[in-house]
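Worksheet for the structure shown next.
Values quoted throughout were computed directly from the atomic coordinates according to the rules given, and no laboratory measurement underlies them. As the structure is a computational prediction, the values presented were derived from the model and not from experiment.
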Amino acid sequence: MGLMNKLGGQLVQGVLGNMSEISVDQLQQEFGAYLMDGETIQTGFKLVRDAMIITDKRLMQFDKQGTTGQKMRVTSIFLDSICYVTAETAGFGLDDSELEIQYITNPYMKANHVEFGKKKFEFPKKYNIQGLYKMLQEVAYENHVKLNEK
């Protein structure tokens, strides 16, 4: 019954568009082949078939496509390009928590014209996003300092 409740809860969260935290061991087993040499998974989340993993070098998003999920798009955002993070905690009712990052998409981050991208991630109400927000905010701050050094 415990496994069915867990799987049922993950399915409901998936239908609602919310990610659930997954163990590093499970993520390593399923997505380890996509890691660079020496890269380690810090934390990760799954949404039915899709996943978001944060390593010591990048944030990776896995988008499984099609009915079988064998086709998959893998997107990487290097941590050193993240420059802005916002968090919205869950409220009353059906509200969920959201975390949004903005990142520099230019290959040369100190270019005269900087281009940005955005990604938003939704988490279930029960997941406390404060630790994840803090981690990404510290990364964004360090990047801000590096980019503005003389």
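Below, the figures for the structure above:
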| quantity | calculated |
| --- | --- |
| Computed lengthening from Arg73 to Tyr108, 0.36 nm per intervening residue step minus Cα-Cα distance | 10.2 nm |
| 20 Å Cα-Cα reach of Lys57 towards aspartates and glutamates, excluding residues that sit fewer than 8 places from it in its own chain | Glu21, Asp25, Glu30, Asp37, Glu39, Asp80, Glu100, Glu138, Glu142 |
| Gain on full stretching of the segment that runs from Asp63 to Ala87 - 0.36 nm per residue minus C-alpha separation | 6.4 nm |
| Three-way shape label, the stretch 33-150, alpha-carbon gyration tensor, a/c 1.5 | oblate |
| Exceeding the 27 Å Cα-Cα cut-off - candidates Lys71/Lys119; Lys64/Lys120; Lys71/Lys126; Lys71/Lys134 | Lys71/Lys126; Lys71/Lys134 |
